[in-house]
1. Considering only region 34-48, state which residues are in a helix (DSSP H, G or I) and either under 12 Å from the mean Cα position of the chain (by Cα) or among the hydrophobic types (A, V, I, L, M, F, W, C) (or both).
Amino acid sequence: MDIQTISRECVAICVHRRPCPSPEDAASLIRGALKNRGMDAWPRMEIDLFPAGADTLIVARPAAEMIITIAEYALPFLYEN
């Protein structure tokens, strides 16, 4: 595994193995790379996998926190069900 770039905003690593890592394995590699450089792991992340031959480029960035809002006009419908 080669770390191409690592910062608080983006991580890019190249993994030299087949098959392409699963999204869960890729997330684990990203968390490990961040911790290896003394950075906190992101609570949520967006990951892109780019397989090319025997290698896979993994690019990740922190994802925004999930925000759920319920419009007031929807509340009567929710209470009925």
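1. So the first thing to find is which residues in region 34-48 are in a helix (DSSP H, G or I), and the list is 34-36.
34 - this is the single residue of region 34-48 that is in a helix (DSSP H, G or I) and either under 12 Å from the mean Cα position of the chain (by Cα) or among the hydrophobic types (A, V, I, L, M, F, W, C) (or both).
Yes/no per residue for (1) assigned to a loop (DSSP other than H, G, I, E, B); (2) surrounded by fewer than 11 Cβ atoms within 10 Å (Cβ to Cβ); (3) in contact (Cβ under 8 Å) with a residue 12 or more places away in the chain; (4) under 10 Å from the mean Cα position of the chain (by Cα):
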{"position": "9", "(1), (2), (3), (4)": "yes, yes, yes, no"}
{"position": "12", "(1), (2), (3), (4)": "no, no, yes, no"}
{"position": "18", "(1), (2), (3), (4)": "yes, no, yes, no"}
{"position": "32", "(1), (2), (3), (4)": "no, no, no, no"}
{"position": "50", "(1), (2), (3), (4)": "no, no, no, no"}
{"position": "60", "(1), (2), (3), (4)": "no, no, yes, yes"}
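Only the coordinates and a few stated rules stand behind these numbers; no lab work does. It should be emphasised that the depicted structure is a prediction, and the values quoted were computed from it without experimental measurement. Note: ideal-geometry Cβ built from the backbone for every residue, glycine included; neighbour counts use all protein chains shown.
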